[in-house]
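The values are calculated or read from the model by the stated rules, or taken from the named source; none is laboratory data. Since the structure is predicted, the reported quantities are computational estimates derived from the model, not experimental observations. We place every Cβ from the backbone using ideal geometry, glycine too, and count neighbours over all the protein chains shown.
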Amino acid sequence: MNIDLPELAALAERIGIIFERHGLRYHLTGGVVASHYGEMRNTQDVDIVVDMDACRNRLSLFQDLESEFYVDRGAFDEAIQMKSMFQVLDMDSMLRADIYTASLLPDRFENIVNVEIVDGVSLPISSPEDAILSKLHWIKLGSGRSRKDVVAMLRVQENLDNDYLEKTAEQLGVKAILDELRQIADNYDPKVIL
């Protein structure tokens, strides 16, 4: 199923309004952000990181989400407890959002930028460095698609904070992956298979 970016941006905007109502910081990550910083690609969902530690009334948040979307209460509670992910499903469009209740990067919410994802829809997204670091983490966990995303972002983004990128990659245990993908990005050989 091909999903276009305006539909995903609209879904993220609706979820974001609920988070903002509860005073929660959030930002997009994943395929939508990789497409913004690298090369446009198809994605099946939108990934959102939310600062759930700041949530004062989790039941009220759940009820607000549930009033507009399908959300499994057990998965919601478990994701908060385990600092993992739960899903939000728009039953009309069948679009899905993966909501991550914890960030793998320290101070990640300090590095967000607001970007017009599609005409008329501005949303907070992670910095290019944090987008790359997040993808490196997923590569470490076995994501092949993330390798292509990182190479594309490294090729397109010219003004990366390389000191921050390398230091944090070292802390996350993904520096060797970063170095390997930098070589591929610098190569520009389309025959190189990721």
Tell me, which residue of the stretch 132-143 that is in contact (Cβ under 8 Å) with a residue 40 or more places away in the chain and either touching a Leu at 6+ places or on another chain (Cβ under 7 Å) or of a type in the set (Ser, Thr, Tyr) (or both) is nearest to MET85 (Cα to Cα)?
SER134
What number of residues within the stretch 81-131 are under 14 Å from the mean Cα position of the chain (by Cα), modelled with pLDDT of 90 or more and hydrophobic (A, V, I, L, M, F, W, C)?
8
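Suppose we filter the stretch 65-88 for residues that are under 17 Å from GLY30 (Cα atoms) and surrounded by fewer than 20 Cβ atoms within 10 Å (Cβ to Cβ); how many remain?
Number satisfying all stated conditions: 3.
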What are the pairs, 6+ residues apart or on separate chains, where a residue within the stretch 154-183 that is in the same structural domain as HIS36 (by TED's automatic domain parsing) and part of a helix (DSSP H, G or I) has its Cβ under 8 Å from a residue that is crowded, with 16+ Cβ neighbours inside 10 Å and of a type in the set (Lys, Arg)?
none
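Residues that are of a type in the set (Lys, Arg) and within 19 Å of HIS22 (Cβ to Cβ): does the stretch 79-88 have at least one?
Checking the stretch 79-88: at least one residue is of a type in the set (Lys, Arg) and within 19 Å of HIS22 (Cβ to Cβ).
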